[in-house]
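Taking it in order: structure first as structure tokens, then the write-up.
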Amino acid sequence: MKIDSPQGVDEQGFVRIGGVDVTDHIRTRLGVEKVILLGHSYGSAFGLRLAREFPERYSAYVGTDLHSLREPGRASSRA
């Protein structure tokens, strides 16, 4: 089922357009083809999504604090 959503927001609520726009602005300002993408906490999920959907814009992706993306039933490494 297709869910109508605001422009730039997909069915899962990810704001992709803004992330791509920011990436393209930075690439233009730096005069580079690709940039390194770093995401932390919720930004890790957002960054991972951007890196997968737009690999031509990123030379590398670094995600930190990905505990919220853990597979169900998998034990936590946190004490």
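The values are calculated or read from the model by the stated rules, or taken from the named source; none is laboratory data. Treat the numbers as computed from the prediction; the structure is a model and nothing was measured. Methodologically, a virtual Cβ is constructed for each residue, glycine included, from the backbone with ideal geometry; neighbour enumeration extends over all protein chains shown. What goes into the accessible areas is simple: the full protein's heavy atoms, side chains included, and nothing from ligands, DNA or RNA. Shrake-Rupley method; radii C 1.70, N 1.55, O 1.52, S 1.80 Å.
Restricting attention to region 23-53, which residues are open to solvent by 80 Å² or more (accessible area, probe 1.4 Å), modelled with pLDDT of 90 or more and either not in a helix (DSSP H, G or I) or not charged (D, E, K, R) (or both)?
Matches in region 23-53: H25, T28, L30, E33, K34, I36, L38.
So, in region 54-75, exactly how many residues are open to solvent by 60 Å² or more (accessible area, probe 1.4 Å) and at pLDDT below 90? Give the derivation first.
First, the residues of region 54-75 that are open to solvent by 60 Å² or more (accessible area, probe 1.4 Å): 55-56, 59, 61-62, 66-75.
From the residues that got through so far, the ones that are at pLDDT below 90 too are 66-75.
Final tally of qualifying residues: 10.
Pairs please, first residue from region 50-64 and within 10 Å of V35 (Cα to Cα), second anywhere and open to solvent by 70 Å² or more (accessible area, probe 1.4 Å), Cβ atoms under 6 Å, 6+ apart in sequence or on different chains.
Y58/K34; S59/K34; S59/I36; A60/I36
Identify, please: which residue in region 1-22 is of a type in the set (D, E, K, R) and open to solvent by 50 Å² or more (accessible area, probe 1.4 Å) and is, among those, modelled with the highest pLDDT?
Among them, the one singled out is D21.
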